[in-house]
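Read the figures in this text as sums done on the coordinates, not as results from a lab. This one's a predicted model, so the numbers in the text were calculated from it and none came from an experiment. Don't worry about glycine lacking a Cβ; one is built from the backbone with ideal geometry, like all the others, and counts go over all protein chains shown.
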């Protein structure tokens, strides 16, 4: 069987291997992509470190990582109807069954039998990857590969901002990692009156400015809640987006949002968070919205429209590496001193 370069989790311990793997053969309902670009997510870092129970659950090793990926169709299974050889596509990372109640009611992103590309099946950190036709999003042929691979990640932010109904509002974004930076640009282009971003580094401050942030609050220098209340005459912002997953940031988002305001939560805290439900939610008549993944395919359509000349996300890309340099990418992301890291197999 023909071999290919890939980045794989071989052993249940810290680390990954740049190694040879079998080039996949597409099943009847799959297409084979020649990978043009792939990118690194925080989930990949957790799997690299083998540190959290949720990132190690049930992963059958060896496994090729990578769920943010874009490539060109070079082979297709006999049942493929919507794609042709030469199509340039990006992968939706959620592998849904299409048959359960959630799928049949338009909620495929939270399928009852949900599996994950690059976790439950081999992913796109390789020269080639086979994906189901059902998760392939066709891109314009002139889209740059480094942009195409980021649509999966950016889609999280598109969905979050949409649910916050930001038009005409003063909003606070907690967390200036890639999802927070995407959200900054999306919120501005979606008509937010004022976008305030809570940042933790000069790098992220600089990128947030380029993405359109109106105000930056460095959490190491100023207390975010105090600053946000002072800026809003003690009332609080209209809506907060919690993008970091840090327990303290979630508490701050609740405290800094006005009564009858809305807090939209994308970040995944690593452990249980203690909040004062009476004071921070009920007595403030607060609306709380949790976000997981992307609406398939509504969010993808919105993301594609934003990228068609309306929104420039290139400032968020801080590293472009060869696939074999994945260690540098993991280190950059883990350090907190990066935006998105994009890798190229060739």
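Quick notes on this structure:
- FRET efficiency for the residue 271 to residue 292 pair, using the beta carbon distance and R₀ = 25 Å, is estimated at 0.85.
- Whole-number Å³ per residue for the convex hull built on Cα positions in region 1-125: 118 Å³
- The calculated FRET efficiency for residue 20 paired with residue 105, based on their beta-carbon distance and R0 = 41 Å, is about 0.45.
- Label-zone membership for region 240-281, site residue 215, 7 angstrom Cα→C-beta point, backbone N under 19 Å: 240-243, 249-264
- As a length-normalised measure over Cα pairs under 8 Å and 6 or more apart, the relative contact order of the chain settles at 17 percent.
- Among beta bridges that DSSP assigns inside the chain, antiparallel share in %, nearest 5: 55 percent
- Amide N proximity, region 123-145 versus residue 79 label position 7 Å along Cα-to-Cβ, cut-off under 14 Å: 131-135
- The angle between the Cα long axis of helix 326-335 and the longest principal axis of the Cα atoms of the chain comes to about 10 degrees, rounded to the nearest 10.
- Rounded to 10°, Cα long-axis angle of helix 178-189 versus longest principal axis of the chain: 70 degrees
- Ranked by the mean number of other Cβ atoms within 10 Å of their residues, highest first, the peptides 270-280, 63-73, 313-323, 77-87 come out as 63-73, 313-323, 77-87, 270-280.
- Separation of the residue 321 and residue 226 label points, Cα + 7 Å toward Cβ, nm: 3.9 nm
- Using the alpha-carbon positions of region 243-346, Rg (one decimal) and Dmax (whole number) come out as 18.2, 56 Å.
- Computed lengthening from residue 328 to residue 50, 0.36 nm per intervening residue step minus Cα-Cα distance: 98.3 nm
- Helix 298-307 and the longest principal axis of the C-alpha atoms of the chain enclose an angle of approximately 80°.
- P(r) tail for region 156-290: Cα pairs beyond 24 Å make up 18% of the total.
- Mean separation of Cα contacts under 8 Å, 6 or more apart, over the residue count of region 138-273: relative contact order %: 24 percent
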